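The values are calculated or read from the model by the stated rules, or taken from the named source; none is laboratory data. Note that the structure is predicted; figures quoted are calculated from it, not measured. Here the Cβ positions follow ideal geometry from the backbone for every residue, glycine too, while neighbour counts run over all protein chains shown.
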């Protein structure tokens, strides 16, 4: 019998694959990882590359490559500041982010509701668990 941890892993992997397919079908020009990066930059409102890496749980090197690609495609702007650089979603990045959010938004909530559960309650539970899993 699979454990809860295993089932959560399977669920997240399926959700990631489905999101990837939906974004491709809609012609957003974004992979799911690129969508998540743009979303996190917009939520953090001008983060440093290091803050972005910490937020998405990836290495600074991987984040640097992602940022460079998004900047080269005109979706992110890298601005120097007194201590380093800050990241900002460009107008085109914002447009694609909005389209991708429309494509993905609400689908999982609808599935949760269809299965007889409250999306807000599930969000609260998942957030609480995420906040208490050690990062090391």
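Counting only residues that are part of a helix (DSSP H, G or I) and more than 30 Å from residue 82 (Cα to Cα), region 1-39 holds 23 of them. Residues of region 41-72 that are touching a residue at least 24 places away in the same chain (Cβ under 8 Å), buried (at least 16 other Cβ atoms within 10 Å of the Cβ) and over 15 Å from residue 85 (Cβ atoms): 42 alone.
Scanning region 102-121 for residues that are exposed (fewer than 14 other Cβ atoms within 10 Å of the Cβ) and outside any loop (DSSP other than H, G, I, E, B) turns up 102, 107, 110, 111, 113, 114, 120, 121.
Residues checked against (1) modelled with pLDDT of 95 or more; (2) outside any helix (DSSP H, G or I):
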| position | (1), (2) |
| --- | --- |
| 41 | yes, no |
| 64 | no, no |
| 68 | yes, no |
| 74 | yes, yes |
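When restricted to residues that are modelled with pLDDT under 90 and part of a helix (DSSP H, G or I), region 76-101 contains 0.
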